[in-house]
Amino acid sequence: MSGVRHWFRREVEDRLRGVVGGSARLRVVVLLACVLALDAADKATIGATAAQLEQALGIGNTQIGLLVAVSTGIGALATLPVGALTDRVNRTNLLVGAIVAWSVAMVVSGTATSYLMLLLTRLALGAIVATASPTVTSLIGDLFPAAERGRIYGFILSGELVGTAIGFLVSGDVAAVLSWRYSFWVLAVPGFVLAVAIWRLLPEPARGGQSRLQVGDAQLRPARQVEDRTPTDPGAKDAGEGARSGEPGTAEGEIQREVKEAGVRPHEALVLHTDPTDRSLWWAVRYVLSVRTNVYLIIASALGYFFFAGLRTFAVVFLRGRFGLGQGVASSLLVLIGVGAIVGVLVAGPVSDRLVAHHHITGRPLVGGIAFIVAAVLFLPGLLTTSLLLAAPLFFLAAAGVGGANPSLDAARLDLMHSRLWGRAESVRTVLRSSLEAVAPLLFGYVSSLFGGNGAGFGQPGGVEQRGAVGLDHTFLIMLVPLVVAGAILLLWARRSYPRDVATAVASEENTRQPTSAPAG
């Protein structure tokens, strides 16, 4: 039997290496996906244990929303300084420290004896998880060619969705069998394990692309090895020039060639002529927000996460009350919907890459806009029907739309920005995204109460559950509007401004090429 398991595990690993492009790539994808999974699992845990928390602490939907809102809101404030650190210090060490602190905070959350104490622990968690998005984005940019970033982002963002599913399924079942406290403690264990794995298996790569992983690479070339290579080493020159200017057939080369052949001129006022690494945080914020397409992408992405945050927090409450399901069945159904989102990110990312490769520069905002519109259209009948058999496949496909928008938008933002600004640019995006994620659970909970939703005493039979579901019915329908707005922004405005902003980023990168040195720390 052990031989069969070994053979099966080896076959799975071989297939995954083939899909991702080698063992080194697979290692990076898995580790970065796990970082996002931890953050998502933590946020989903509140929604999965909502019924138990409401009973144990005597609270309602609004208070449940506030638990998610405070951690996300604090995370938004902490993201800007973390983004500045990301562009200057050793990113893997920064990740390791944040994950260890996160795991400790999860242990403390499980010991909370009152709602106020739990609320305070969520504040601490928010500051810690602010590290994930800027560091992961910056590492992806330096480790993977732009031609593949939509696809790679799909793999890594699937970790975020898997983490959400784990948070709902595992935490919900643990809370039902033992206590909501154990739901927090269970998540702390993989946090410590992941911190050790990143420390041992993910060395800090060189900035600017010299550590970029090509298909078939078995090892990642750390920054210190790149720095140690002499100027006469032909391999060093080839690696640096190829990564920065873009080889034929890569997205860098495709985009650069397309904008030049089409006569697209950069915004001269935005073209950088010096390395922006040491520029102040506030200069970086102003610059990032002066790139029009980047602002469009930030707003659209944040609106998508706004809806997802509300759905993630109250989906179990809605499913239990609307369809009369138990905790375990509702959590399992939500995992199925999460699988739909995973399918979306895995399919949409490669589609956007192929569009770019076939000379459609605006393929990435196009895919994101269509995905948001499709999601809203499919969610509408799913929320209106009272048949679980009809609602389940509609929710599955709609979730694929919400998830499918993200890989292409995340890859597009890297196309628009100088590589030495990736961390700070992502932190600016995360501030708005996290702010809306913070507001979403609170707003969803408050609006549901206006329509008759009331989560207090949720586990009691009869009318209380149904009233809560009715309130959430109306709330989810209203909150489909942001998805439509996000799609419209991408299709009507982002696609128009995208080529010129890409040309600006290409010109800035060309003007500031210099030998890459290892980051501080």
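The values are calculated or read from the model by the stated rules, or taken from the named source; none is laboratory data. Just so it is clear, the structure is predicted and the values come from calculations on it, not from any experiment. Glycine gets a Cβ as well: all are built from the backbone with ideal geometry, and neighbour counts include every protein chain shown. Accessible surface areas use protein heavy atoms only, side chains included; no ligands, DNA or RNA. Shrake-Rupley method; radii C 1.70, N 1.55, O 1.52, S 1.80 Å.
If you filter segment 265-298 down to residues that are open to solvent by less than 60 Å² (accessible area, probe 1.4 Å) and among the β-branched types (Val, Ile, Thr), you find that the one that is modelled with the lowest pLDDT is Thr277. Going by the conditions given, is Leu390 open to solvent by less than 50 Å² (accessible area, probe 1.4 Å), farther than 16 Å from Ala300 by Cβ and out of contact with any Gly (no Cβ under 7 Å at 6 or more places or on another chain)? No, not satisfied.
Considering only residues in segment 164-190 that are within 15 Å of Gln55 (Cα to Cα) and in contact with a helix residue (DSSP H, G or I) (Cβ under 7 Å, 6 or more places away or on another chain), the one that is surrounded by the most Cβ atoms within 10 Å (Cβ to Cβ) turns out to be Gly172.
Take segment 109-123 and flag every residue that is open to solvent by 20 Å² or more (accessible area, probe 1.4 Å) and either basic (Lys, Arg) or closer than 19 Å to Leu432 by Cα (or both). Within segment 109-123, just Leu123 meets the criteria. Residues in segment 299-315 that are β-branched (Val, Ile, Thr) and at pLDDT 90 or above: Ile299 alone. Looking only at residues in segment 434-446 that are open to solvent by 20 Å² or more (accessible area, probe 1.4 Å) and not polar (S, T, N, Q), the one that is farthest from Gly150 (Cα to Cα) is Tyr446. Within segment 197-226, can you find the residues that are open to solvent by less than 10 Å² (accessible area, probe 1.4 Å) and hydrophobic (A, V, I, L, M, F, W, C)? Of everything in segment 197-226, those that are open to solvent by less than 10 Å² (accessible area, probe 1.4 Å) and hydrophobic (A, V, I, L, M, F, W, C) turn out to be Ile198, Leu202, Ala206, Leu213, Ala223.
The conditions of being out of contact with any Gly (no Cβ under 8 Å at 6 or more places or on another chain), touching a residue at least 24 places away in the same chain (Cβ under 8 Å) and surrounded by fewer than 23 Cβ atoms within 10 Å (Cβ to Cβ) are met by Leu194.
In summary, Leu53 fulfils each of the numbered conditions (1) at pLDDT 80 or above; (2) under 27 Å from Ile152 (Cβ atoms) with the single exception of condition (2). If the condition is being among the hydroxyl-bearing types (Ser, Thr, Tyr) and assigned to a helix (DSSP H, G or I), then segment 131-175 contributes Ser133, Thr135, Thr137, Ser138, Tyr153, Ser158, Thr164, Ser171.
Output yes when any residue across segment 366-380 is over 24 Å from the mean Cα position of the chain (by Cα) and open to solvent by 30 Å² or more (accessible area, probe 1.4 Å), and no when none is. Yes - at least one qualifying residue is present in segment 366-380. Does Leu346 count as over 12 Å from Arg151 (Cα atoms), open to solvent by 10 Å² or more (accessible area, probe 1.4 Å) and at pLDDT 90 or above? Against the criterion (over 12 Å from Arg151 (Cα atoms), open to solvent by 10 Å² or more (accessible area, probe 1.4 Å) and at pLDDT 90 or above), Leu346 does not qualify.
Scanning segment 62-69 finds one or more residues that are among the polar types (S, T, N, Q), modelled with pLDDT under 90 and in contact with a Ser or Thr (Cβ under 9 Å, 6 or more places away or on another chain). For segment 36-62, the set of residues classified as under 14 Å from the mean Cα position of the chain (by Cα) and open to solvent by 10 Å² or more (accessible area, probe 1.4 Å) consists of Leu36, Ala37, Leu38, Asp39, Lys43, listed by residue number. Of the residues examined, Val108 is not one that is among the aliphatic types (A, V, I, L, M), under 23 Å from Thr135 (Cβ atoms) and either touching a Leu at 6+ places or on another chain (Cβ under 7 Å) or modelled with pLDDT of 85 or more (or both).
Of the helices (runs of 4 or more DSSP H) lying entirely inside segment 47-123, those carrying at least 1 residues that are among the hydroxyl-bearing types (Ser, Thr, Tyr) are 61-86, 91-109.
So that you can scan it fast, the table gives a plain yes or no per residue for (1) outside any loop (DSSP other than H, G, I, E, B); (2) under 21 Å from Val317 (Cα atoms); (3) at pLDDT 95 or above; (4) not aliphatic (A, V, I, L, M):
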{"residue": "Ser408", "(1), (2), (3), (4)": "yes, no, no, yes"}
{"residue": "Arg424", "(1), (2), (3), (4)": "yes, no, no, yes"}
{"residue": "Arg433", "(1), (2), (3), (4)": "yes, no, no, yes"}
{"residue": "Leu442", "(1), (2), (3), (4)": "yes, yes, no, no"}
{"residue": "Ser449", "(1), (2), (3), (4)": "yes, yes, no, yes"}
{"residue": "Val464", "(1), (2), (3), (4)": "yes, yes, no, no"}
{"residue": "Trp493", "(1), (2), (3), (4)": "yes, no, yes, yes"}
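Scanning segment 415-425 for residues that are in contact with a Gly (Cβ under 6 Å, 6 or more places away or on another chain) and open to solvent by less than 10 Å² (accessible area, probe 1.4 Å) gives Gly423, Arg424.
Selection of first residues in segment 319-330 that are within 11 Å of Asp173 (Cα to Cα) and of second residues that are open to solvent by less than 30 Å² (accessible area, probe 1.4 Å), restricted to Cβ pairs under 7 Å at least 6 apart or on distinct chains, gives the following pairs, ordered by first then second residue: Gln327/Ala51; Gln327/Gly172; Ala330/Val316; Ala330/Leu319.
This table checks each residue for (1) at pLDDT below 85; (2) over 21 Å from the mean Cα position of the chain (by Cα).
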{"position": "Arg151", "(1), (2)": "no, no"}
{"position": "Gly154", "(1), (2)": "no, no"}
{"position": "Val174", "(1), (2)": "yes, yes"}
{"position": "Leu178", "(1), (2)": "yes, yes"}
{"position": "Gly191", "(1), (2)": "no, no"}
{"position": "Val196", "(1), (2)": "no, yes"}
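The listed residues are Ala400, Ala412, and the only one of them that is crowded, with 21+ Cβ neighbours inside 10 Å and either among the charged types (D, E, K, R) or in contact with a Phe, Trp or Tyr (Cβ under 9 Å, 6 or more places away or on another chain) (or both) turns out to be Ala412. Scanning segment 316-339 for residues that are open to solvent by less than 20 Å² (accessible area, probe 1.4 Å) and either part of a loop (DSSP other than H, G, I, E, B) or at pLDDT 90 or above (or both) turns up nothing. Checking each residue in segment 197-224 for being assigned to a helix (DSSP H, G or I) and in contact (Cβ under 8 Å) with a residue 12 or more places away in the chain picks out Ala197, Ile198, Trp199, Leu201, Ala223, Arg224.
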